[in-house]
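Remarks on the structure that follows.
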Amino acid sequence: MISEQLQEIKSSLPSHVTLIAVSKTHPAEKIDEAYKTGHRDFGENKVQELLSKKDLLPADVQWHLIGHLQTNKVKYIVPFVHLIHAVDSMKLLSEINKQAKKTDRVVNCLLQVYIAKEETKFGMDFTEVESLLSSQEFSEMKNIQVKGLMGMATNTFDENIVRNEFRSLKVFFETLKTKLAFDTLSMGMSSDYKIAIQEGSTMIRVGSAIFGERDYDL
Ligand SMILES: *Cc1c(COP(=O)(O)O)cnc(C)c1O
């Protein structure tokens with residue numbers, strides 16, 4: 001049962017950790033089941049899928065775009081999105097800023113930092129993040145609010161690798177926090193959210209542990 005899984009995870013979380021229920025590949029009815037328990041934060045990784053589900057659900061759902069975002073799709077989500085987790089370039093950030101300005105919004109974003117050993121993971125390295133944040137271009141963006149960082153650990157059973165990757169992101173987050181108004185560190189999924197919380201996560205993105213296994217992975 002979705003509602004039971006959700007309640008069980010929620011009741012185990014420290015109060016400073018926000019749970020994003022990752023509903024990708026699951027139909028709107030399943031999201032509604034979770035919604036009816038009072039849950040409001042849902043994550044999708046594809047713009048098209050998010051848009052089609054949004055139309056079927058109440059307006060007070062807080063939608064999180066957690067996957068890689070292409071610049072040409074930014075305009076579709078900017079009018080309503082609650083938080084964009086995976087900003088991985090200045091180009092993308094500047095497009096979000098531009099579209100947000102058109103709708104007179106300030107859009108919340110996280111910068112995705114590359115911490116895993118795998119080639120396939122998107123994100124910037126620490127140096128790229130630092131240079132983006134200290135650039136003139138960034139300081140002039142008035143319609144985005146960078147709230148913090150997002151990262152994905154290596155997909156491995158070796159807990160030490162996962163822990164060390166989360167820990168390095170937390171250290172980096174803390175150094176930036178002294179200079180910027182950061183309050184969100186999005187790290188941890190079904191397989192590793194407990195480790196992520198021990199290492200300082202404030203936001204976890206959990207899919208299969210709530211909704212069950214996905215038939216296919218997008
Ligand atoms: C799918 C996905 C998740 C959730 O994965 P689970 O293993 O099902 O919890 C978290 N973050 C991102 C970016 C994802 O794409």
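Read-outs throughout are calculated quantities, based only on the coordinates presented, and are distinct from any laboratory measurement. Note that the coordinates shown come from a computational prediction; the quantities given were computed from them, not determined experimentally. Backbone-built Cβ (ideal geometry, glycine too); neighbour counts: all protein chains shown.
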Below 12 angstrom from the Cβ of residue 205, what's the summed charge of the other residues (Lys, Arg +1; Asp, Glu -1)?
-2
Stretch residue 4-residue 72 to full length: gain in nm at 0.36 nm per residue minus the Cα-Cα span?
20.7 nm
Test item: Cα-centred dipole of segment 12-57, Lys/Arg +1 and Asp/Glu -1 on Cβ, debye:
60 debye
For the pair residue 16/residue 194, report the inter-label distance in nm, with labels modelled 7 Å from Cα in the Cβ direction.
2.1 nm
Rule-of-thumb Rg ratio for the chain [Cα; 2.2 N^0.38 Å; N residues]:
0.98
At 222 nm, what value in deg cm²/dmol follows for the chain if DSSP H runs of at least 4 each add -39500 (n - 2.57) and the sum is divided by all its residues, to the nearest 500?
-10500 deg cm²/dmol
The orientation-averaged projected area of the Cα convex hull of segment 18-94, in nm², is 5.0 nm²
Percent of all alpha-carbon pairs of segment 64-105 at distances over 14 Å, whole number, is 38 percent
At R0 = 45 Å the Cβ-Cβ FRET efficiency linking residue 134 and residue 51, nearest 0.05, sits at 0.85
Rounded to the nearest 20 Debye, what is the dipole magnitude of the chain about its Cα centre when Lys and Arg each give +1 and Asp and Glu each give -1 at the C-beta?
660 debye
For a test of the definition: using alpha carbon positions, the gyration tensor, and the 1.5 limit on a/c, classify segment 71-146 as rounded, prolate or oblate.
oblate
Pairs 10/46; 117/170; 10/101; 73/142; 24/117: which exceed 27 Å Cα-Cα?
10/101
Size-normalised alpha-carbon gyration radius of segment 122-193, reference 2.2 N^0.38 Å
1.22
Nearest-20 debye value, segment 167-213 charge dipole, Cβ charges on Lys, Arg, Asp, Glu
180 debye
